[in-house]
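Engineer: Sharing a structure here in structure tokens format.
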Amino acid sequence: MKLRVTAALGALALCASLAAPSAPVSAAGDVIVFGSPVSLTGNLTKEGHLTQEGYDLWKNYVNAHGGIKVAGKSYKVEIKYYDDESKNDTSAQLAERLIDQDHVNFLLGPYGSGTSFTVAQIAERKKIPMVEGNGAAEKIFNQGFKYTFGVLSPAKRYLEGILEMARAQKPAAQTVAITAASDAFSQEVAAGAAAYATSHGMKVVYSNKYPDTATDVSSIISALKQTNPDVILNAGHLQDALLVQKGLKEQNVLAKAYGYSVGPDTPDFANALGKDANGVFGGAQWSDAVKYRGAPGFYTSAREYAKAIDSTYHHRADYHNAESTAACLAFQYAIEQAGSLDPAKVRDALAKLDVTTFYGILKFDNRGLNVYKPMVVNQIQNGRLTTVWPQFTADGKPKYPTLAWGQR
Amino acid sequence: MNQATLKRIGLGGITGNPIAFAVVLGLMALLLAIPLTHNGYIEVVFRNILMYAAMAYGWNLIGGYTGYVSFGNVAFFGIGAYCSAVLATHGVDNVLLYVLLAMAVCAAFAAVVGFPVLRLKGHYFGIATLGVALAVADIIANLDVLGGTGGLALHQVDEAHFSLYYYAMWLVTLGSMLGTFFIARSKLGYAFVAIRENEDAAAVLGISATRYKIVAWAISAMMAGAAGAVFAPANGFIDPSITFAIDSNVFPIVMTILGGIGTVAGPFIGALLLAGANELLQRFFVKAHTLFFGAMIVLIVLLLPRGLVWLFGLRGGVRAWLKSLAVYKA
């Protein structure tokens, strides 16, 4: 009987504790609270952590330099994180919690296009502005959302630079094989690359997709090998890049260039593959070789930013770091220009934003997408990431064609 | 079948412990008030609890009452969600129609697939249903009319009317719960239990096992499908990774087992406990919550092998409980 009562009481207590309001994060005082559900576990963990680093670096800088000025008053910055487990629906639910329970002022995006899409929906419904730096699928920006802004170049541009570079080399690349994970971002990347190739006289000799949770892509690689392409491209994330690059080596697939949408830029890629990572190209939103002169209020050059990442997190600055920080910067400048923390006013300021930062220009088209910033191409040369394209920002020449396996 | 046998099969009768059921009905009544007092996020949390409960009721009917452990019920949840999405993209903006279509499509699909699959028994049935779920997810992911892997966005009602989805989910769950209660007490329910206890003996008694199994799976599918049909517009966006998530497949099973398999109160209690605990853990342990969550499930299975509902019928307090554990381990 006692147990029975305990069980019934337990159920009631659970209900009550769930329904109890948790205290808002913002302590008394002048604090602007940002909220972000990020991938701290799940298949996008690595990228999620890089995102968080980008956010935190900005927060620490701003707080150490007097905070954000709003109508003559200084505000410190706080960021509340939750783990979305790399799941789209969890991310949306957590965004709802950040807004309703934690009363955050603004949202910083999660990692990934799927999660950004579901969170964008919440932002729209609750009329809380979100700036995201990690969801590049254009689908997000074609819904007519008014409260979501993306600081990155759209997905379809990720692999274009590699093709452009490969066409300009000798011997010029003429055929391309594209493998892609099944998620929305990767599909847009692949479609963009294929469209670029065909409209520039290249032939797509192989194109296939695999589930984004795949742990074995060997059958795709052996089919790809038969077509003997000049350029092999993969549209996916870090895990895909590792999987494909290992598979290409195992089956000794030779091409003039190997390119990935996400992977080569993250420090883990070269660490995991060693010499086999050499020669690989990666499309990137940013690299520490870009030569923008940023507005005051934060590190003004890519080099300075890279140095700060290195001294804080002890790894080379990755473009995921930079684009995440850029999302924060968009808020910083927009809030200062709005002179208010009112969500609608900050939204309007974001829509009008036009500022150059260490990351590049931050300016949004009427869909909320930053179409004004070009992408770069990096290549791993002797274990070191070198920016090789476009030529005007490059800090090295592309090594092309890629050497045979074992000689890299 | 006499009362004593029934007591042994179900716990305190074919519908489970009556006090537990009364408690659950009381909690359901309380949940009706959530949108009035806790608009917004808390409402979403409880809507998800209700959703899992409805899916758990669906699973309980085939896995708990009929004894056929299905690993494929997420397929119906997904199909239900896609029914809504298809209607929504054609301009239909009515949750009731979403639910009705989803129930019809899911029942039909379960009947067609069940015809061959339900001839399998035990592990073979489980594996076949898992195959069905994976195949459905893969087919939808490759159909561009359904958005492929990119998914589909649904029009949502505005913030002021958002509780509509909560009440819709509440009704789906109540329907699944009462449906289970009345089915369990009807001839249908006795047929299901007869099949679970001994399918050959049931056949000898004149119960057409295949027909009843298909009926059980079809009703089970309708419950999961209805939950999916409300989830889709409430979430506003669906894609195969959301609608066919492993969580949506495994959680309802674990919830039913934790709550009490083959009872009317069990799925709801399991859903409330598991989804609620997951939520609280996530709030307090940003990084390690999955670890605690796993540990909690293991502990409950070890300490309450018969499910939480069983506690309601337990006579003799802690001592009897400890004794029961020893029996279980032997």
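Any read-out appearing in this document is the output of simple, stated calculations on the displayed coordinates, not a laboratory observation. Keep in mind that what you see is a predicted model, and the values were worked out from it rather than measured. Backbone-built Cβ (ideal geometry, glycine too); neighbour counts: all protein chains shown.
Engineer: Over the Cα atoms of the stretch A:166-290, each weighted equally, I'd like the Debye log10 I(q)/I(0) at q = 0.10 Å⁻¹, rounded to two decimals.
Structural biologist: The Cα Debye sum returns log10 ratios of -0.27.
Engineer: How are the alpha carbon pair distances in the stretch B:59-126 distributed across 10 Å bins from zero to the largest one, expressed in percent?
Structural biologist: Histogramming the stretch B:59-126 at 10 Å steps yields 20, 44, 24, 11, 1 percent.
Engineer: Rounded to whole Å, give me the distance from the Cα center of the stretch A:104-154 to that of the stretch A:321-345.
Structural biologist: 14 Å
Engineer: Work out the count of Lys pairs in the stretch B:3-329 where the Cα-Cα distance is under 20 Å, with the pair 8 or more places apart or on different chains. Before the final figure, lay out the partial values.
Structural biologist: Details: B:LYS7/B:LYS187; B:LYS7/B:LYS323; B:LYS121/B:LYS213; B:LYS187/B:LYS213.
Here the count comes out as 4.
Engineer: Cα atoms only: what Rg and Dmax, in Å, come out for chain A?
Structural biologist: For chain A, the Cα-based Rg and Dmax read 22.3, 84 Å.
Engineer: Additional query: For the protein assembly as shown, what does the convex hull of the Cα positions come to per residue, in cubic angstrom? Don't skip to the end; give the middle numbers.
Structural biologist: Values: hull volume 123.0 nm³, N = 738.
Value for the protein assembly as shown: 167 Å³ per residue.
Engineer: Can you give the net charge of the other residues whose Cβ lies under 9 Å from the Cβ of A:GLY42, counting K and R as +1 and D and E as -1? Spell out each step's value before the answer.
Structural biologist: Numbers: positive: A:LYS87; negative: A:ASP83, A:ASP84, A:GLU85.
Residues close to A:GLY42 contribute a combined charge of -2.
Engineer: Right, next: About the Cα centre, and with charges only on the beta carbon of Lys, Arg (+1) and Asp, Glu (-1), how big is the dipole of the stretch A:31-189? Nearest 20 debye, please.
Structural biologist: On the way: 17 positive and 18 negative charges, 111 e Å.
Dipole about the Cα centre, nearest 20: 540 debye.
Engineer: Do you know the relative contact order of chain B, to the nearest whole percent, from alpha carbon pairs under 8 angstrom that are 6+ apart? Intermediate results must be reported in sequence, preceding the final value.
Structural biologist: Working: 507 pairs, mean separation 105.2, N = 330.
Relative contact order, chain B: 32 percent.
Engineer: Taking Cα centroids, how far is the stretch B:27-81 from the stretch B:180-240 in Å?
Structural biologist: Result: 15 Å between the Cα centres.
Engineer: Here is a follow-up. For B:ALA209, what charge total do you get from the other residues with a beta carbon under 11 Å from its beta carbon, if Lys and Arg give +1 and Asp and Glu give -1?
Structural biologist: On the way: positive: B:ARG119, B:LYS121, B:ARG196, B:ARG211, B:LYS213; negative: B:GLU199, B:ASP200.
After counting each charged neighbour, the total is +3.
Engineer: Starting with the fewest neighbours, write out A:ASP89, B:ASP239 ranked by other beta-carbon atoms found within 10 Å of each beta-carbon. Could you put the intermediate results ahead of the total?
Structural biologist: Details: A:ASP89 24, B:ASP239 27.
The fewest-first ordering by Cβ neighbours comes to A:ASP89, B:ASP239.
Engineer: With runs of 4+ DSSP H residues as the only contributors, calculate the mean residue ellipticity of the protein assembly as shown at 222 nm using -39,500 (n - 2.57) per run, divided by the residue total and rounded to the nearest 500. Before the final figure, lay out each step's value.
Structural biologist: Numbers: 29 runs with 400 residues, N = 738.
Rounded to the nearest 500, the figure is -17500 deg cm²/dmol.
Engineer: Still on this structure, please answer the following. Pop a pseudo-label 7 angstrom from the Cα along the beta-carbon direction at both A:ASP310 and B:ALA201 and give the gap in nm to one decimal.
Structural biologist: That separation, rounded to one decimal, is 7.7 nm.
Engineer: Sorting check: for A:267-273, A:229-235, which peptide has the highest mean count of neighbouring beta carbons within 10 Å, and how do the rest follow? Don't skip to the end; give the middle numbers.
Structural biologist: Details: A:267-273: 18.0, A:229-235: 27.6.
Ranking the peptides A:267-273, A:229-235 by packing returns A:229-235, A:267-273.
Engineer: Now for a different question. Run through every distinct alpha carbon pair of the stretch B:3-329 and return the Kirkwood hydrodynamic radius in angstroms, one decimal place. Please report the intermediate quantities before stating the final value.
Structural biologist: On the way: mean 1/r = 0.0499 Å⁻¹.
Kirkwood radius, the stretch B:3-329: 20.1 Å.
Engineer: For a quick protection proxy, order the peptides A:291-300, A:112-121 by their average other-Cβ count within 10 Å, most packed first.
Structural biologist: Working: A:291-300: 15.3, A:112-121: 29.0.
Final packing ranking: A:112-121, A:291-300.
Engineer: Give me a single rounded figure for B:33-40: the average over its residues of other chain Cβ atoms within 10 Å of their Cβ.
Structural biologist: The per-residue average across the peptide is 2.
Engineer: Further, regarding this structure: Among all helices in chain B defined by DSSP H, which have a length of 24 Å or more along the axis from Cα atoms plus a Kyte-Doolittle mean of at least 1.6? If you can, show how the numbers build up before the last one.
Structural biologist: Details: long enough: B:41-59 (27 Å, 0.87); B:95-117 (32 Å, 2.52); B:122-141 (29 Å, 1.57); B:163-185 (33 Å, 1.03); B:209-235 (38 Å, 0.89); B:266-284 (27 Å, 0.88).
Both cut-offs are met by B:95-117.
Engineer: Take peptides B:104-112, A:132-140 and line them up by average Cβ neighbours within 10 Å, highest first, as a rough protection proxy.
Structural biologist: My ranking of the peptides, most packed first, is A:132-140, B:104-112.
Engineer: What does the charge add up to near A:ASN366, with Lys and Arg as +1, Asp and Glu as -1, over the other residues with Cβ less than 12 Å from its Cβ?
Structural biologist: Working: positive: A:LYS146, A:LYS352, A:LYS363, A:ARG367; negative: A:ASP365.
It works out to a net charge of +3.
Engineer: What is the spread of the Cα atoms of the stretch A:93-162 along each of their three principal axes, largest first, in whole Å?
Structural biologist: Rounded to whole Å, the extents work out to 45, 21, 17 Å.
Engineer: Which angle from 0 to 90°, rounded to the nearest 10, does the C-alpha axis of helix A:88-100 make with the longest principal axis of chain A?
Structural biologist: 30 degrees
Engineer: Follow-up. Output the 0 to 90 degree angle, nearest 10, between the alpha-carbon long axis of helix A:238-250 and the longest principal axis computed from the alpha carbons of chain A.
Structural biologist: Taking the Cα atoms of chain A, the angle to A:238-250 is about 20 degrees.
Engineer: Any chance you could give the angle, 0 to 90 degrees and rounded to 10, that helix A:302-313 forms with the longest Cα principal axis of chain A?
Structural biologist: That works out to roughly 70 degrees.
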